[in-house]
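See below for the structure under consideration.
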Amino acid sequence: MGLVVAGVMVISIAGFVVAELLDAGPASADSELFFEDPVADLVVQLLGIAIAIPIVLFGARVLGRRPAGTVSSVVGRLRWGWLGRCAAVGVPLMVVQVGLLIAWTWNDEPVGESGTGFPGWPVFLLSLAVILALVPFQAAAEEYVFRGWLVQVIGRVARSPWPAVVVASLLFALAHGFGELSGFVLLLYSALWWGWLVIRTGGLEAVIVMHVANNLLAFGLAAGFGELASTETAADAPWQAMVAELVFAPLYCLIVARIAGRRGIERVTP
């Protein structure tokens, strides 16, 4: 955990230093951003989270004295075929969920209301390139920390994995900061379901898919409406997002768990 915190600090300090050297820092001294350019700032923020993947794998191999791949699944590696099947279920579901949420909240607060509007094709395409290149690693890193390594480490002192899932889920929700109560409930509820799914499928593949799909859509919409500079997180989600998650989180998890059972996906180590 100390290495993860140190890695985040190193990336953050490097971002501040580069911004100062290039005189590209935010105009306001009170800003929470690294760069005035939201695309450059996004790169630093995503890298600051993605760095957790190699740190967690290093921790498992060197400190835990076990194969690094055991963090990924019970077979000691990511099962790419299974990940692809999960994507075939999760990506369409996430598109429907986000679409319904936009339609539901459009009259209350249209997407892009707080942004600057469409930034133009060059900036938008550059933003998409950054998002597609880095968001999968950022989202996967959160899964490796909270649904993988942390659950495994806490689970070593308990006969059941469920206390570890509950503790890791609470930490996952708290890690996104304090915003709206609806956002906190959404994060905790989702994390509990995803923790359950990891145990039921014996690996991180199914939850990585859903996390990546969610973040790609969120960042993609933010880029399209000029909202990349926003400091809001899932902790600031409105109550409508929480209600939608109450339905879609168990829907996805139960479908995938059923498919895993039918296909004989390994749930325990050989």
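The values are calculated or read from the model by the stated rules, or taken from the named source; none is laboratory data. All figures in this text were calculated on a predicted structure; none of them were measured in a lab. Backbone-built Cβ (ideal geometry, glycine too); neighbour counts: all protein chains shown. Surface accessibility is based on the protein's heavy atoms, side chains included, excluding ligands, DNA and RNA. Shrake-Rupley method; radii C 1.70, N 1.55, O 1.52, S 1.80 Å.
Miscellaneous remarks
- Taking the convex hull of the alpha carbon positions in segment 17-138 and averaging its projected area over all directions gives 11.7 nm².
- Take the Kirkwood radius over Cα pairs of segment 102-231, plug it into Stokes-Einstein at 37 °C and 0.692 mPa s, and you get 202 µm²/s for translational diffusion.
- Paramagnetic reach from Phe178 (point 7 Å along Cα→Cβ, amide N under 15 Å) across segment 235-257: 235-236
- Segment 162-270 - percent relative contact order, Cα under 8 Å, separation 6 or more: 42
- The chain: calculated mean residue ellipticity at 222 nm from DSSP helix runs of at least 4, using -39500 (n - 2.57): -22000 deg cm²/dmol
- Tilt relative to the chain, helix 205-224 - C-alpha long axis, 0 to 90 degrees, to 10: 10
- Segment 1-117 - percent of accessible surface contributed by carbon and sulfur, probe 1.4 Å: 67
- FRET efficiency estimate (nearest 0.05) - Cβ-Cβ, Arg65 to Glu232, R0 51 angstrom: 0.80
- Rg/Rh (Cα only; Kirkwood hydrodynamic radius) as it applies to segment 149-191: 1.06
- Carbon plus sulfur fraction of accessible area for segment 143-270, probe 1.4 Å, in percent: 66
- From largest to smallest, the equivalent ellipsoid semi-axes obtained for segment 167-270 from the alpha-carbon gyration tensor read 27, 15, 12 Å.
- In the full protein context, the chain carries 52 Å² of accessible surface per residue, based on a 1.4 Å probe and ignoring ligands, DNA and RNA.
- Computed about its Cα centre, the charge dipole of segment 129-270 is approximately 800 debye, with only Lys, Arg, Asp and Glu carrying charge at their Cβ.
- The chain - percent relative contact order, Cα under 8 Å, separation 6 or more: 25
- Considering all C-alpha pairs of segment 55-111, those separated by over 13 Å amount to 71%.
- GNM flexibility winner over the chain from Ala140, Ala52, Ala241 (Cα, springs under 10 Å): Ala241
- Extension gain, Ala88 to Ala133: 0.36 nm times the residue separation minus the Cα-Cα distance gives 14.2 nm.
- Applying the Karplus relation 6.51 cos²θ - 1.76 cosθ + 1.60 with θ = phi - 60° to segment 154-164 yields 3J(HN,Hα) values of 5, x, 5, 9, 10, 6, 10, x, 5, x, 5 Hz, where x marks Gly and Pro.
- Theoretical FRET efficiency, 1/(1+(r/R0)^6), r = Cβ-Cβ of Phe58 and Thr116, R0 45 Å, to 0.05: 0.65
- Around the Cα centre of the chain, unit charges on the Cβ atoms of Lys, Arg, Asp and Glu (plus for the first two, minus for the last two) sum to a dipole of about 2260 debye.
- Theoretical FRET efficiency, 1/(1+(r/R0)^6), r = Cβ-Cβ of Asn107 and Leu3, R0 51 Å, to 0.05: 0.65
- Temperature 37 °C, viscosity 0.692 mPa s: under these conditions the Stokes-Einstein estimate for the chain, based on its Kirkwood radius over C-alpha pairs, is 169 µm² per second.
- The alpha carbon gyration tensor of segment 1-88 gives principal lengths a ≥ b ≥ c with a/c of 1.5 or higher and a/b no greater than b/c, which makes the shape oblate.
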